[in-house]
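One structure is given below, encoded as C-alpha cells.
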Amino acid sequence: MLINYKNVNIYQDEKLILKDVTFTADEGQFIYLIGRVGSGKSSLLKTIYCELDIDKSDAEQAEVLGVSLLPIKRSKVPALRKQMGIIFQDFQLLHDRTVLKNLKFVLKATGWKKKSEINERIDEVLTLVGMADKKDKLPHELSGGEQQRIAIARALLNKPKIIIADEPTGNLDPETAAAIVTLLQKICHEGTAVVMSTHNVHLLQQFPGIVYRCKEGVISNVTDEFHDAELLKELESEAQDENTTATEDTTENEQ
C-alpha cells in the first residue's frame, strides 16, 4: 500500500477540516478527490507530501510509502518527497529560467550530480510528455497546457511512486484538460499511483478511476455510486457553482 490512512483527522490552522479520514492508494491506481472549494481536498493532499502535519494523538494510522507520518521528523521529509511528484494548478515554474534550467534545478536540488545523467533524464521526461522541442523556451513562451506538461515532466524526474496533482486542469480549456488527464493516465498505467483533485465531473466520466468525495467534513469512497443519476446531478450543480464563483472573482479582480 503506497498510502494508508485510518481514522485520521486533518486540521488547517487548528480548524478540523476532515474527520476520521480512511484513504488508501496503491500502485497503478488513478484516484480522484472531488468536492467544493474548502471541503478539504487540498488539505488532504498537503498531508501526503507533509506540507500539513497530522496530529498523532487522534490518528490510528497514517503511512505514505511505508513511512509513518505520526509524526515524521522534518529531516526525513525531503527523502520522502523525492519519491513523489507534485503538480499544482498554477504550474509553479521558475519564470526567469528556460524549461531545461527549470528541470536541471530540480535534479540538482535532489542530489543528481553527473551532467550526462541529468541531461539524459531531462530528455526522457520531455519526450514522454511530448515537449522535447520546448526545452529552450521560457515559461511565458508556452501555452497553459504546455506549461502543465512541463510541470508533469518536472514531477516525473525522480521516477516517483506517487503523483499528487492538485487541480492540474483547473486553468485549462476542456480539450487541453482532457489531454493532460490522458497523459496522467498513461503514466498511471505504467505503475505510478496518481491522486488528483478536481471539480470537473466530465473528466471523471471520460476517464474513470477511483472517486473519493469530500463533503461536510467527511471523505467517502463514491466510486460505486458515481454513475447514480442523482449524485451526478448534485456533483454537476456543485461544479457549476464553483465555476460561477470563479468567474465572479475574476470579474471583481479586473474591475
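The values are calculated or read from the model by the stated rules, or taken from the named source; none is laboratory data. Since the structure is predicted, the reported quantities are computational estimates derived from the model, not experimental observations. With ideal geometry, Cβ positions are generated from the backbone for all residues, glycine too; neighbour counts draw on all protein chains shown. Note: areas computed on protein heavy atoms with side chains; ligands, DNA, RNA excluded. Shrake-Rupley method; radii C 1.70, N 1.55, O 1.52, S 1.80 Å.
So the values come out like this:
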quantity	calculated
Subset tally (residues that are outside any loop (DSSP other than H, G, I, E, B) and open to solvent by less than 60 Å² (accessible area, probe 1.4 Å)) for segment 192-206	8
Any pair with Cβ under 9 angstrom, 6 or more apart, that starts in segment 123-150 at a residue that is over 25 Å from Glu190 (Cβ atoms) and ends at one that is modelled with pLDDT of 95 or more and open to solvent by 60 Å² or more (accessible area, probe 1.4 Å)	Leu138/Arg97; Pro139/Arg97
Unmet criterion (only one of (1) of a type in the set (Val, Ile, Thr); (2) open to solvent by less than 10 Å² (accessible area, probe 1.4 Å); (3) in a strand (DSSP E or B)) for Thr24	(2)
Sole residue being surrounded by 13 or more Cβ atoms within 10 Å (Cβ to Cβ), among the basic types (Lys, Arg) and more than 18 Å from the chain's Cα centre (by Cα), chosen from Arg121, Arg74, Arg81, Arg36	Arg121
Condition check for Leu128: modelled with pLDDT of 95 or more, crowded, with 17+ Cβ neighbours inside 10 Å and either out of contact with any strand residue (DSSP E or B) (no Cβ under 7 Å at 6 or more places or on another chain) or not aliphatic (A, V, I, L, M) (or both)	no
Filtered residues of segment 161-191 (kept if part of a loop (DSSP other than H, G, I, E, B), within 20 Å of Val64 (Cα to Cα) and either modelled with pLDDT of 95 or more or open to solvent by 40 Å² or more (accessible area, probe 1.4 Å) (or both))	Lys161, Glu190
Some residue of segment 106-114 being among the aromatic types (Phe, Trp, Tyr), without any contact (Cβ under 8 Å) to a residue 40 or more places away in the chain and either in a helix (DSSP H, G or I) or open to solvent by less than 50 Å² (accessible area, probe 1.4 Å) (or both)	no
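Listed here are the residues, each with its yes/no results for (1) open to solvent by less than 40 Å² (accessible area, probe 1.4 Å); (2) in a helix (DSSP H, G or I); (3) under 25 Å from Cys188 (Cβ atoms).
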site: Asp53; (1), (2), (3): no, no, no
site: Ala62; (1), (2), (3): yes, no, yes
site: Ile86; (1), (2), (3): yes, no, yes
site: Asp90; (1), (2), (3): no, no, yes
